[in-house]
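Data first, discussion second: the structure below is written as structure tokens.
The values are calculated or read from the model by the stated rules, or taken from the named source; none is laboratory data. Computed from a predicted model, the values in this text were never measured in an experiment. All Cβ positions, glycine included, derive from the backbone under ideal geometry; neighbour counts span all protein chains shown. Side chains included, ligands, DNA and RNA excluded: accessible areas come from the protein's heavy atoms. Shrake-Rupley method; radii C 1.70, N 1.55, O 1.52, S 1.80 Å.
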There are 2 protein chains.
Amino acid sequence: MPQSTTVLAESGRDRILDEAAALFLRHGYEGTSLRQLADTVGMKAGSLYYHFASKDDLLTEILRRGIDVMQTAFDEAETSTGSARPVDRIEAHVRAHLSALFENGPYTAAHVMTFRTAPESVREIVVPLRDAYEARWTEMLRRLQADGAIQPTVDVNVIRLVLFGAMNASVEWFDTDRGNLDRFAAAITAQFWSGVAS
Amino acid sequence: MPQSTTVLAESGRDRILDEAAALFLRHGYEGTSLRQLADTVGMKAGSLYYHFASKDDLLTEILRRGIDVMQTAFDEAETSTGSARPVDRIEAHVRAHLSALFENGPYTAAHVMTFRTAPESVREIVVPLRDAYEARWTEMLRRLQADGAIQPTVDVNVIRLVLFGAMNASVEWFDTDRGNLDRFAAAITAQFWSGVAS
DNA sequence: TACCCTACCTAACGTTCGTTAGGTAGGCAA
DNA sequence: TTGCCTACCTAACGAACGTTAGGTAGGGTA
């Protein structure tokens, strides 16, 4: 059994990815140096190259994992609320996206915050994966609109992007130690579905 | 009259700030080098120090201008719709914030996109200015809630942050060449005020 | 016991970074 | 005409950057 390689918590490659995602989230990709990352995980900068071919490669894997986490969360919300009321389906998916952002490691949060300024060569690789995730949301909303649950006049792509913007930006201010994610998901969904007017 | 100093468009300090804000927006603060900026404005990197004490100083001024633009936009919306219907007041302020983001230079867009990863010493200077702007929104929404126009159950700070997230994130995807800002402001306001449900 | 592979290390490479010191052309004022 | 001020320039500094080559300890396998 592997005893010395994984004594406490994780080590090696996954540990590096975890800390890197957290650092990229806080200081940005270009604002984080490999020596800073190496210090955090307790090794030397050159040693990182045993696990990754380049800094861009490291970022690519983080962005990829961020999408994987979102997709998995979407899967679970889909299977558990496939035939629920429209507003409940939305809430489940909102809750799932927030779970990806806050409850499943720093990958999704790092993704939504660093993707925009990532090097073009990295973005090229990740864009199709992002598109696939966004397409699932668009398709869900499109069907709800076709079924008459969503107003026929609204642009499904616009309301999705507005909703995404609201959820993703919460990484900047929502504190899981002070707020409750279930209640937050309910609040966001209520605002999305019914608005704030009395 | 100053002829040779401002022949075509702007030059000097304002030109530098304009181009820097645009570069920071695209590649991030740490992702933009002073040589890259100097190339863009047609001078040498060292010459930038005639106008700015440091790169951080340049960023500080850009973030400051970003808030100034927002405040000015808020002022105009306030004086022109002080006694209008609640939903129209909101729409005017949404339109004003979008105007700050898209129609008054790159400062506000650069602000909302680079503030999070800015050096701590820079953030410290800018935070009070941000707070002042956000307080005006909070106060406006709080009054609308006190007047019964907004549901008494919602948290005014949460709906403000959700709305801000949605508006600010649009910098990432909204294209002023393809979309109309008036219509976009109306759509965002309708979604905020009444929701998307049929 | 001998060997090998994993997971690092040391030490350095060349490049780029923000920044600075000192120089200079050209317009303006006296 | 002289002198000054503005707005740059050239050239370089030391530090930090991503990256690489070669070495090594230590557990696992034969």
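Scoring A:HIS51 on the criteria (1) in contact with an Asp or Glu (Cβ under 7 Å, 6 or more places away or on another chain); (2) within 11 Å of DNA strand C (Cβ to nearest atom) leaves a single failure, condition (1). Residues of the range A:60-115 that are in a helix (DSSP H, G or I), more than 14 Å from chain B (Cβ to nearest Cβ), of a type in the set (A, V, I, L, M) and farther than 13 Å from A:TYR133 by Cβ: A:ILE62, A:ALA92. Can A:ASP14 be described as assigned to a helix (DSSP H, G or I), within 16 Å of DNA strand C (Cβ to nearest atom) and within 14 Å of chain B (Cβ to nearest Cβ)? It is false that A:ASP14 is assigned to a helix (DSSP H, G or I), within 16 Å of DNA strand C (Cβ to nearest atom) and within 14 Å of chain B (Cβ to nearest Cβ). Residue count for the range B:182-198 under the criterion of being at the interface with chain A (Cβ under 9 Å from one of its Cβ atoms) and assigned to a helix (DSSP H, G or I): the result is 8.
Residues that are assigned to a loop (DSSP other than H, G, I, E, B), closer than 23 Å to B:ASN168 by Cβ and among the small types (Gly, Ala, Ser) do occur in the range B:25-41, at least one of them.
Of all residues in the range A:45-59, those being near DNA strand D (Cβ under 7 Å from one of its atoms), within 14 Å of chain B (Cβ to nearest Cβ) and of a type in the set (A, V, I, L, M) number 0. Each residue in the range A:1-53 was checked for being on the phi > 0 side of the Ramachandran plot and either open to solvent by less than 60 Å² (accessible area, probe 1.4 Å) or modelled with pLDDT of 95 or more (or both), and 3 of them qualify.
Listed here are the residues, each with its yes/no results for (1) closer than 23 Å to B:GLY82 by Cα; (2) open to solvent by 30 Å² or more (accessible area, probe 1.4 Å); (3) at pLDDT below 95.
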{"residue": "B:LEU101", "(1), (2), (3)": "yes, no, no"}
{"residue": "B:ASN104", "(1), (2), (3)": "yes, yes, no"}
{"residue": "B:HIS111", "(1), (2), (3)": "no, no, no"}
{"residue": "B:VAL122", "(1), (2), (3)": "no, no, no"}
{"residue": "B:ALA135", "(1), (2), (3)": "yes, yes, no"}
{"residue": "B:LEU163", "(1), (2), (3)": "yes, no, no"}
{"residue": "B:ALA166", "(1), (2), (3)": "no, no, no"}
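So, in the range B:151-163, exactly how many residues are at the interface with chain A (Cβ under 7 Å from one of its Cβ atoms) and within 15 Å of the chain's Cα centre (by Cα)? The number of residues fulfilling the criteria is 1. The single condition among (1) within 8 Å of another protein chain (Cβ to nearest Cβ); (2) of a type in the set (S, T, N, Q); (3) open to solvent by 30 Å² or more (accessible area, probe 1.4 Å) that B:SER170 does not meet is (3).
Going by what's in this entry, would A:GLY179 be described as surrounded by 20 or more Cβ atoms within 10 Å (Cβ to Cβ), among the small types (Gly, Ala, Ser) and at pLDDT 95 or above? No; evaluated as a whole, the condition is false for this residue. For the residues B:GLY148, B:GLY179, the requirement of being without any contact (Cβ under 8 Å) to a residue 40 or more places away in the chain and at the interface with another protein chain (Cβ under 8 Å from one of its Cβ atoms) singles out B:GLY148.
Just the residues that are assigned to a loop (DSSP other than H, G, I, E, B) and open to solvent by 30 Å² or more (accessible area, probe 1.4 Å), please, taken from the range B:141-161. Answer for the range B:141-161, where residues must be assigned to a loop (DSSP other than H, G, I, E, B) and open to solvent by 30 Å² or more (accessible area, probe 1.4 Å): B:ASP147, B:GLY148, B:GLN151, B:PRO152, B:THR153, B:VAL154, B:ASP155.
Looking across the range A:67-88, the residues that are under 11 Å from the mean Cα position of the chain (by Cα) and surrounded by fewer than 19 Cβ atoms within 10 Å (Cβ to Cβ) come down to A:ASP68, A:GLN71, A:THR72.
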